[in-house]
1. With respect to A:Pro32, is the statement that it is at pLDDT below 80 and away from chain B (no Cβ under 14 Å) true?
2. For B:Gly260, indicate whether it is buried (at least 20 other Cβ atoms within 10 Å of the Cβ) and away from chain A (no Cβ under 14 Å).
3. Quick one: A:Arg448 ticks every box in (1) at pLDDT 90 or above; (2) within 12 Å of another protein chain (Cβ to nearest Cβ) bar one, so which box is it?
4. Condition test on A:Thr203, is it of a type in the set (Val, Ile, Thr), within 29 Å of the chain's Cα centre (by Cα) and within 30 Å of A:Val475 (Cβ to Cβ)?
5. Quick check: is even one residue across the range B:161-168 in contact (Cβ under 8 Å) with a residue 60 or more places away in the chain, away from chain A (no Cβ under 14 Å) and either in a helix (DSSP H, G or I) or among the hydroxyl-bearing types (Ser, Thr, Tyr) (or both)?
6. Which of the residues spanning the range A:107-127 are in contact with a strand residue (DSSP E or B) (Cβ under 7 Å, 6 or more places away or on another chain) and surrounded by fewer than 23 Cβ atoms within 10 Å (Cβ to Cβ)?
7. For the structure I just gave you, tell me whether B:Thr55 is surrounded by fewer than 18 Cβ atoms within 10 Å (Cβ to Cβ), closer than 25 Å to A:Asn477 by Cβ and in contact with a helix residue (DSSP H, G or I) (Cβ under 7 Å, 6 or more places away or on another chain).
8. Does A:Asn267 count as modelled with pLDDT of 90 or more, away from chain B (no Cβ under 13 Å), more than 20 Å from the chain's Cα centre (by Cα) and surrounded by fewer than 22 Cβ atoms within 10 Å (Cβ to Cβ)?
Amino acid sequence: MKKTMALALACLMSVGLLSGCGKTVTKEEPVPTDKPVVTDPVKTQKILKVWSFTDELKTMVLAFEEAHPEVKIEYTMIPMTNGEFQTKLKSTLQSGEIPDVLSLEAAFVREYVERDYLADVSSLLPLAKDLGTYQFTIDIGTYEGKTKAFSYQATPGAMFYRRSLAKQYFGTDDPAAIQKLVSDMTKFEAAAKTIKEKSKGNTYMVGSAGDFTNLFFANRKSPWVVDNKLVIDPKVEELLDTAKSFRQNGYEAQANQWQEGWFAGMNDSLVDAKGNAKQVFSYLLPTWGLPYVLMPNSTPKEVKAEGATTAKMVGKDTAGDWACISGPVPYQWGGTWIGALKDSKNLDLATEFIKFSTLNKDTLKNWATGVYTNEYLRKIDPTIGDKLAQGAGDFISSQKVAEEIISKFDDAATTKFLAGQNSYKGFATAAPNISLKLIQASDDAIQRSLNDPLANYASGKTTKDQAIKEFKDAVKNALTEIEID
Amino acid sequence: MITLSKNVELGKKDSYKINKKRYGYLFTAPFIIGFLLFSLYPLIYTFYLSFTDMTMMNKSYKIVGFDNFKNLFGDPFFQKALVNTWKIWILNFIPQIGIAMLLSVWMTNNRLKIKFVGFWRTIYFLPNLLMPVTIAVLFFNLFSFYGPVNQLSVRGGIMEGAMDFFRSTAWTQSIVIFVQWWMWFGSTIIVLMAGMTSISPTYYESAMVDGASTLQMFRKITLPLLKPVLVYILVTSLVGGMQMFDIPYMLTDGRGSPSGSIMTMNVLMYMKFSSNKGHIGVAACVGMIIFIITCVAALLIMKMLREKDPYIKKKKKSKIVKTVGGEM
């Protein structure tokens, strides 16, 4: 027994030895013969570092890798829920290990455009002109005559409402008729009242006050900061009043935007503390809200109770019961811009990436019409799983391409969801009218500062003067260099 | 030849002896180097930064002296953060030490003979193993407007309508205090029980012979002999409490909403750091103030608890040092 063991061990060891030899032999052999084949791709393989705050851009990255097989992209995703992305980015810009390409959200893109971290990519402007890229998306990326970031999206806002509830409370679900009923904020509030009265408080106009804050911000007369002083536009007071009226009169569901209760309204699974079913009439969302927020959340959700063996389906499928109108006031919400860092070692390649992802007709077309499916992407990289597919419906930044593809949406999933209404057409008419001249680097910090005072005032905890004071204090805390009276 | 080798050997022995003396330095070197690089240098650098107006978006900065400190002490946000931090810590620490003390007395008591002590201790300690972020999200969902707490209390007839807990400053603070208590009282129990079981049973036996009551034994034997452990718990809890961040940060909007009621000093520091320009200088200054406050308070606690009892100070000094040093 011992002998056989020893023999076996000896064999194992010698095999190990031999295999070691074998490796070195095979390693040595191909080097001289296959030299050009093996080293060429290695030599030319370029690495591009891309940072973003969602996985959305990853799809674009894969498409870029398909078009440029010699490029390997290192993709890093850091969420921005509480500003993690921005914080990480700022400290990285200080310490040196910088990415080449950045995606920047509307909330903080100006911060970077107004500083000198981003490379000037104005050379791509003629291309943008050819594509009819919406001027406001270029304006956001431009500072002192230098264009530093481009966007693949244009994000005009809209209002989505439930057709069945419209019929019930207004007698019609016709988008034109409903649009007339909510064509300004006063009418919007009156409609909210009608809904509340006719539904005996069981249907809310909106899920949260957060739904309409953007409408007020987008329609200010003055930017937040003028001559380094905080300007509180009359729209802020209007916002405070409207939010309070909606809360106190029970026109809004008191849910938190992007939280459970808010989503629950989309598939009719909202239940108040007493157990009564509640419904939400409308959601004010922009272009991306339809394919990314409304559609995925309008289906029944599986809920498994403690100890239960079978899951219960909660909510119902509300697809086809929605309609899209432009809402009380035109606005714009969100959007992703792409820029390259000035100090990037691969600036040419980074510029190429911007060009490919934001100013390439084919990319934009593929992006908007749902060509980038999971199967398509897995052919490029088999390891990506099944979460990266880009469904049809995102509204793109090029007017030319958008107008070309409108008819493709006549029987798209988004159109079915809206009971035959082609939302793309609506967005295409809204997009050219958007102006974003008010946008400033400090917007995000200032608007975040208003959240808490606004909620306090709406719930009746503070008076308006107190709320305004709280707002001013919060701005002062966030932006020490701004003067506040 | 022989003498030579002897000499060599002697020399070897000498150098060996010297080397042995230096072993101490050698063995402590990894810690010292690590400490200098990763603790002392950042500390000194933070100290330096707190006198500058450095921001993350600007590469140039200048030294502004005590301006940051002056601005902070005049800033109502900072005052609020300071008050909040102390309020939340004290209100969480008192029940924490109280209930932990009560439970550890019961569980170590020879008369009560509670069964499955190890089991209970584990149960109490479990919350401490969870990630604070998870706990914050859990409690946010529990107490949210459409959450189970509202559902249960309305359906159970305790409340008339659903309540927006995170709009009420008192409720939000209470939730943070409760979470902090719930997370940490288990670990306090473990330390307290370790301290109590290490007290020699002979004291209690002789006290019982003398007819002492349980309360008397607790006050005259347990408490004095537990003092070193109490100092340790108090100081570590103070350090943790002054640096409270994850729960208040994750529970609401990361800015201490509602009305800044759970904005602690560390949350404020992070707010300054992550503001849109990234005020590193001001954030460093908040960090320095937390450091100074914690140091002063910790030294005060140690001094107060030691000087009050001269007997302990004289006789048990070595033991105190040992316990405190050992625990740290």
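The values are calculated or read from the model by the stated rules, or taken from the named source; none is laboratory data. Fair warning: this is a prediction, and the values are worked out from it, not measured in the lab. Every residue, glycine as well, gets a Cβ built from its backbone with ideal geometry; the counts of neighbours run over all protein chains shown.
1. In short, yes.
2. No: the conditions fail for B:Gly260.
3. Result: A:Arg448 fails condition (1) only.
4. no
5. There is no residue in the range B:161-168 that is in contact (Cβ under 8 Å) with a residue 60 or more places away in the chain, away from chain A (no Cβ under 14 Å) and either in a helix (DSSP H, G or I) or among the hydroxyl-bearing types (Ser, Thr, Tyr) (or both).
6. Scanning the range A:107-127 gives A:Glu114, A:Tyr117, A:Ala119, A:Asp120, A:Ser122, A:Leu124, A:Leu125.
7. No; evaluated as a whole, the condition is false for this residue.
8. Against the criterion (modelled with pLDDT of 90 or more, away from chain B (no Cβ under 13 Å), more than 20 Å from the chain's Cα centre (by Cα) and surrounded by fewer than 22 Cβ atoms within 10 Å (Cβ to Cβ)), A:Asn267 qualifies.
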